[in-house]
Amino acid sequence: MKILNLLLIILPLISGLCLSNVFAQANPVLGLPPGAMNRIGKGRMDGIKYFPDGTKLAVVSTIGIWIYDVETGKPLDLLIGHTGPVNSIAFSPDGETFATGSDDNTAWLWDTHTREHKISFVGHRDDVNAVAFSPDGEILATGSDDNTVGLWNPRTGEQITRLEGHTEHVYSVAFSPDGAVLVSSAAWGDVGIRFWNPRTAKPLDISIEDTDWVEHIVYAPDGSMLVSGDTDNTIRFWDLGTGELLRAIDSGVDVSAVVFAPDGKTIAGASGDDYVSFWDVATGKPLKTLEHDASVISVAYSPDGETVASASEDGKIQFWDVASSERLKTVTGHGFHVFSLAYSPDGNALVSGSISKIDFWNLETGEHVRAIKVQPEHFKSENVLSVASSPDGSIIASGGDSSKVRLWDVETGRFLGTFSGHKEVVSSVAFSPDGRTLASGSHDNTVRLWEIRTGELYLIGDLLQILAGHTEDVASVAFSPDGDTLASGSHDGTIRLWDVQTGDLLETLVGHTGNVYAVAYSPDGSTIASGSWDGTVCLWDSQTGELLQTLKGHTRNIASVAFSPDGDTLACGNDDAIHLWDTRTGELLNTLRGHTDLVDSLMFSPDGSTIASGCRDGTILLWDLTELVADQ
């Protein structure tokens, strides 16, 4: 508990600033999947939309649809059911229902008042990126990665027709205010914008050829104008009577969302330069900007036009007064990718690595304790791909995009120094059992062993060994329990075993047919587990290199493996589920479903009662293994 108490003290950092915002963890148990006892984080956001009455805000995310009270900023509900990230939302004209589109290849219809699922629209063969209602509410349009636009009956869920002609993924759909025209836009390489008669399902003889990937299209409220936001950093205004380009605004960065004010006089654009910008529709002149701390994902006007809400990549939802540009309130807690996890030795704290920061969590309370900002020179952000806790819990090591390995003091968050030498991304770091050596695996195809000078003020020591031999990226490294051997897994499909003292290659384990992303030693050191993109987990005899058994049952893409403290259970994570295996019999014990993206990291608590899973859906789930084992 000493470490946890000290973690609560916020001290200045020599390098790496402490973030002051505390994640809002209100109602973390909303929508928890079966078997999970807590959730950290609310998932990655993809879009926001006000409810028609203006009292609530809907947030589509990787784990579902969050509903917030606009007045208080508190979450009211989390709507789950989609099995993939949710990408888009649209309310029906009467406000009684809303539709959502998801990476699970479906769109769903929900009751606005009860928030119950009503209908599923099934038929697309790939992600559904966009949804839109016709003005009379009789048609729902969907745009998909299968290069088609679907037209559906919202009352029955039946598909009316499929509009084919796009040659790339369809990212946006919109009806004209009179309902006579449907427009759709697709990824780069396709005709920029296509026009359709939604009643006849025929293309219209209207030609607007945009210059780049059109991410968003939106009609002016009076139907006279169409605005497109593109990846060539341009917002274009089109006259729908003539098809003429009225004006083009160079925003300087990718415009991720464009929305008209309710009165049609102003547009707001969300952009990657950390701003929401406003322009006058009549003249195209810039009016003002609202500055954020990270790239803005989505922006929405309140129905009365007096307020805008913005969602940004740092997980914040901010509400602004349009007239004064004053920030009214901020909601936090929506994360981005969770790439890596590490338990404290006492099991009471958890450390996670994500984009540009390392987070510390108190598992007794579920509260966020602190975040260390990792923003190296010349990099806007760095993915913290791996974190590791030293055996005594006093140091955290991190590796990421910048090719550097960094050490941090757990008690103070103080930056302790950098190991430099890798030429590419550092994907994995691991401490030796005695804490005197740190291993780092890199996309430069090497493993490096670094000296940790324990008991000294300056902990950064010498480069001890460069382990070369892999022919592709090294994705994972793990020390044997006695510290004498290091295992490394690589995209070349092999696991290599190295003598830590001499750097000699002891053994090359061959058996996977895909990239090896994860390796782990059993607690007694007798077995090595390896997880591969080929969808299998192999168990190897660590002394002889013999393949003991192959665990099959995952669909694909094993990104993480972890042994329980007693060695009897192996957890494996991919982009489908977490599987728990009996290591003695090879029997599948349980399958944990609830994440919607790649599970990059798995960690058993020191007592083996809990497993933490870190996922690219922006959440960490804590699973109660005592209940899960009892169910078998």
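The values are calculated or read from the model by the stated rules, or taken from the named source; none is laboratory data. Just so you know, these numbers come straight off a predicted model, no measurement behind them. Reconstructed Cβ throughout: ideal geometry from the backbone, glycine too, with neighbour counts over all protein chains shown. Accessible surface is based on the protein model in full, side chains and every heavy atom, while ligands, DNA and RNA are left aside. Shrake-Rupley method; radii C 1.70, N 1.55, O 1.52, S 1.80 Å.
Along the charge dipole of the chain, pointing to its positive end and built from +1/-1 on Cβ of Lys, Arg, Asp and Glu, which listed residue (ILE63, ALA371, SER476) has its Cα farthest out?
ALA371
Calculate the length of the line joining the C-alpha centroid of the stretch 512-526 to that of the stretch 114-171, in whole Å.
Using only Cα atoms to place each centre, the spacing works out to 43 Å.
Looking at the stretch 539-631, which trypsin sites (Lys or Arg not before Pro) are in a loop (DSSP not H, G, I, E or B) and have at most 15 other Cβ atoms within 10 Å?
Filter output for the stretch 539-631: LYS552, ARG556, ARG584, ARG593.
Could you list which residues have their amide H under 5 Å from that of TYR171, counting only those 5 or more apart in sequence or on another chain, with H placed in the peptide plane?
Amide H neighbours of TYR171, under 5 Å, 5+ apart: SER185, ALA186, ALA187.
For the stretch 102-184, run through the trypsin sites (Lys or Arg not before Pro) and keep only the ones in DSSP coil with at most 10 other Cβ atoms within 10 Å of their Cβ.
ARG125
Using 13 Å as the cut-off for backbone N distance, which residues of the stretch 258-275 belong to the label zone defined by a point 7 Å from the Cα of LEU246 along Cα→Cβ?
Of the residues in the stretch 258-275, 260-261, 264-267 have backbone N under 13 Å from the label point off LEU246.
Whose amide H sits under 5 Å from the amide H of ASN87, counting only residues 5 or more places off or on another chain, with H placed in the peptide plane?
Excluding prolines and chain starts, which carry no amide H, the hits are GLY101, SER102, ASP103.
Could you calculate the contour length gain from ASN153 to GLU411, that is, 0.36 nm times the residue separation minus the distance between their Cα atoms, to one decimal place in nm?
87.0 nm
Output the peptides 364-375, 76-87 sorted from most to least packed, where packing is the average of other Cβ atoms within 10 Å over each peptide's residues.
In decreasing order of mean packing, 364-375, 76-87 become 76-87, 364-375.
Give me the distance between the Cα centres of the stretch 453-482 and the stretch 529-550, rounded to whole Å.
The two parts, judged by their Cα centres, are 23 Å apart.
If I stretch the segment between GLU138 and ASP178 completely, what's the gain in nm (0.36 nm per residue apart, minus their alpha carbon distance), one decimal?
13.1 nm
List the extent of the Cα atoms of the stretch 222-364 along each of their three principal axes, largest first, rounded to whole Å.
Result, largest extent first: 69, 30, 21 Å.
Excluding residues on the same chain fewer than 8 positions from LYS42, give the lysines whose Cα lies under 27 Å from its Cα.
Filter leaves LYS56, LYS74, LYS118, LYS316, LYS329, LYS357, LYS373, LYS380.
I'd like the trypsin sites (Lys or Arg not before Pro) in the stretch 264-337 restricted to DSSP loop residues with at most 14 other Cβ atoms within 10 Å, sorted by number.
The qualifying sites are LYS265.
Please work out the FRET efficiency for the pair ALA201 and LEU287, using the Cβ-Cβ distance as r and a Förster radius of 35 Å; give the result to the nearest 0.05.
Calculated value: 0.30.
Please list, in chain and number order, the residues 5+ apart from ALA349 or on another chain whose amide H is under 5 Å from its amide H, with Hs placed from the backbone.
Amide H neighbours of ALA349: SER344, LEU363.
How big is the chain on each of its three principal axes, counting only the C-alpha atoms and giving the largest first in Å?
On the principal axes, the chain reaches 76, 49, 43 Å in Cα extent.
As a test of reading the structure, rank VAL429, VAL218 by solvent-accessible area (1.4 Å probe, protein chains only), most first.
From most accessible down to least: VAL218, VAL429.
In the stretch 556-632, what % of DSSP beta bridges are antiparallel (nearest 5)?
100
Could you calculate the FRET efficiency of SER420 with ASP524 from 1/(1 + (r/R0)^6), where r is the beta carbon distance between them and R0 is 45 Å, rounded to 0.05?
It comes to 0.80.
Could you tell me the accessible area of ASP607 in Å² (1.4 Å probe, neighbours in place), rounded to the nearest ten?
For ASP607, the solvent-accessible surface is approximately 110 Å².
Can you compute the charge dipole magnitude of the stretch 549-625 about its Cα centre, using +1 on each Lys and Arg Cβ and -1 on each Asp and Glu Cβ, nothing else charged? Give it in debye, rounded to the nearest 20.
Computed about the Cα centre, the dipole is about 220 debye.
May I ask you to rank ILE89, ILE466 by accessible area, largest first, using a 1.4 Å probe over the protein chains only?
Most to least solvent-accessible, the answer reads ILE466, ILE89.
Per-residue HN-Hα couplings for the stretch 217-227, Karplus 6.51 cos²θ - 1.76 cosθ + 1.60 at θ = phi - 60°, whole Hz, x for Gly and Pro?
Whole-Hz 3J(HN,Hα) from phi for the stretch 217-227: 10, 8, 7, 5, x, 8, x, 7, 9, 10, 10.
May I ask you to derive the FRET efficiency for ASP434 and THR591 from their Cβ-Cβ distance with R0 = 35 Å, giving the value to the nearest 0.05?
0.45
Where only protein heavy atoms count, and the probe is 1.4 Å, what is the accessible area per residue for the stretch 369-463 in Å²?
38
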